[in-house]
Amino acid sequence: MALEKNNLRVWALRLGLSDEALRTARSRGRLSPVIAGALAEDLQLDPAQWIIIAALETERESACKTRMVQRFRKSWPCLREPRDSSRA
């Protein structure tokens with residue numbers, strides 16, 4: 001969503017981050033919870049929701065993570081499904 005509105009350089013300047021921090025996040029496919037919250041706030045979304053989503057996405061696969069993803073996914077369909085660790 002953020003990249004549809006502005007490019008990485010604009011977001012980095014706006015959030016007081018290096019361009020590299022956002023490039024690394026994009027290549028890894030995840031944001032730190034605080035960056036996710038700041039972006040959400042600028043996009044007029046609920047920062048708490050996006051902080052939780054980012055925190056869950058950075059966690060290792062576990063039964064607890066799966067449980068929390070399933071719980072929050074009911075309210076927030078944008079949350080990715082947990083990976084099936086038995087297929088790894």
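The values are calculated or read from the model by the stated rules, or taken from the named source; none is laboratory data. Everything numeric in this text was worked out from a predicted model, so none of it was measured. For neighbour counting, all protein chains shown are included, and Cβ atoms are generated from backbone atoms with ideal geometry for every residue, glycine included. For accessibility, only protein heavy atoms count, side chains too; no ligands or nucleic acids. Shrake-Rupley method; radii C 1.70, N 1.55, O 1.52, S 1.80 Å.
Determine whether GLN70 is of a type in the set (S, T, N, Q), in a helix (DSSP H, G or I) and either open to solvent by less than 40 Å² (accessible area, probe 1.4 Å) or modelled with pLDDT of 95 or more (or both). For GLN70, the condition - of a type in the set (S, T, N, Q), in a helix (DSSP H, G or I) and either open to solvent by less than 40 Å² (accessible area, probe 1.4 Å) or modelled with pLDDT of 95 or more (or both) - is not met.
Condition test on LEU15, is it open to solvent by 40 Å² or more (accessible area, probe 1.4 Å) and under 17 Å from CYS78 (Cβ atoms)? For LEU15, the condition - open to solvent by 40 Å² or more (accessible area, probe 1.4 Å) and under 17 Å from CYS78 (Cβ atoms) - is not met. Of all residues in segment 46-66, those satisfying the criterion of being open to solvent by 60 Å² or more (accessible area, probe 1.4 Å), more than 15 Å from GLY29 (Cβ to Cβ) and either in a helix (DSSP H, G or I) or touching a residue at least 40 places away in the same chain (Cβ under 8 Å) (or both) are ILE51, ALA63, CYS64.
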